[in-house]
Amino acid sequence: MALSNLNNRIRNGATDVYVDNLDVGTTNPSARINIYDSEDVLLATVVLGNPAFNASGTTVAGRAEAIGLPISATAVATGDPAYYEPIDRDGNIMWRGQVGSDLTLSSATLTSGETFNLTSFTHTHPTG
């Protein structure tokens, strides 16, 4: 049987497990996000704040928002962002997500050497 109608406390806790793990580690002072195109070319790396996210449920049940937005970064290659991978402070990939859904940028195309902004980054646990 599939889970459904999860209590908001469970949704908030599950979301916090994901986002709090970005702040784990000692190798780097902050977590980061690698942004790739559909051909797996690294377009940019965005350094997140420390901590990276607020507590889940602060504004919407089951959702955490990145702190300190917008965050500026410089593209290292040219292309259309397709997906992202949040990386914890020790360099471990935490998950993969699609650009344009829970992560948005100020530009649909990144150009090598040009600055862009991470304008929105959320992580939401579904209701069931």
Seminar exercise, completed: Taking region 92-104 and keeping only residues that are part of a strand (DSSP E or B) and in contact (Cβ under 8 Å) with a residue 60 or more places away in the chain, one is left with Val99, Leu103
For this session: Filter region 84-128 for residues that are of a type in the set (S, T, N, Q) and closer than 26 Å to Thr26 by Cβ and give the result.
Result: Asn92
Problem set entry | Sole exception among (1) at pLDDT 95 or above; (2) under 30 Å from Asn5 (Cβ atoms); (3) among the hydroxyl-bearing types (Ser, Thr, Tyr) for Thr58, by number | (1)
Problem set entry | Hey, Asp16 modelled with pLDDT under 95, on the phi < 0 side of the Ramachandran plot and within 12 Å of the chain's Cα centre (by Cα) or not | no
Exercise. Just one of the numbered conditions (1) in contact with a Leu (Cβ under 9 Å, 6 or more places away or on another chain); (2) among the aliphatic types (A, V, I, L, M); (3) part of a loop (DSSP other than H, G, I, E, B) is not true of Ala2; which one?
Worked result: (1)
Exercise. Is one or more of the residues making up region 4-14 surrounded by 14 or more Cβ atoms within 10 Å (Cβ to Cβ) and farther than 25 Å from Gly128 by Cβ?
Worked result: no
For this session: Only one of these is surrounded by fewer than 14 Cβ atoms within 10 Å (Cβ to Cβ), modelled with pLDDT of 95 or more and under 26 Å from Thr127 (Cα atoms): Ile87, Ile93. Name it.
Result: Ile93
Seminar exercise, completed: Of the listed residues (Thr26, Thr45), the one being out of contact with any Gly (no Cβ under 7 Å at 6 or more places or on another chain) and surrounded by fewer than 14 Cβ atoms within 10 Å (Cβ to Cβ) is Thr26
Exercise. Mind checking which residues of region 105-128 are under 16 Å from the mean Cα position of the chain (by Cα), surrounded by 17 or more Cβ atoms within 10 Å (Cβ to Cβ) and part of a strand (DSSP E or B)?
Worked result: Leu105, Phe116, Leu118, Phe121, Thr122, His123, Thr124
Problem set entry | The listed residue being crowded, with 16+ Cβ neighbours inside 10 Å and either in contact with a helix residue (DSSP H, G or I) (Cβ under 8 Å, 6 or more places away or on another chain) or in contact (Cβ under 8 Å) with a residue 60 or more places away in the chain (or both), out of Ala73, Ala61 | Ala61
Exercise. Which condition breaks for Val17 when tested against (1) outside any loop (DSSP other than H, G, I, E, B); (2) among the aliphatic types (A, V, I, L, M); (3) surrounded by 14 or more Cβ atoms within 10 Å (Cβ to Cβ)?
Worked result: (3)
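The values are calculated or read from the model by the stated rules, or taken from the named source; none is laboratory data. Values in this document were obtained by computation on a predicted structure and should not be read as measured data. Here the Cβ is made from the backbone with ideal geometry for all residues, glycine too, and neighbour counts use every protein chain on show.
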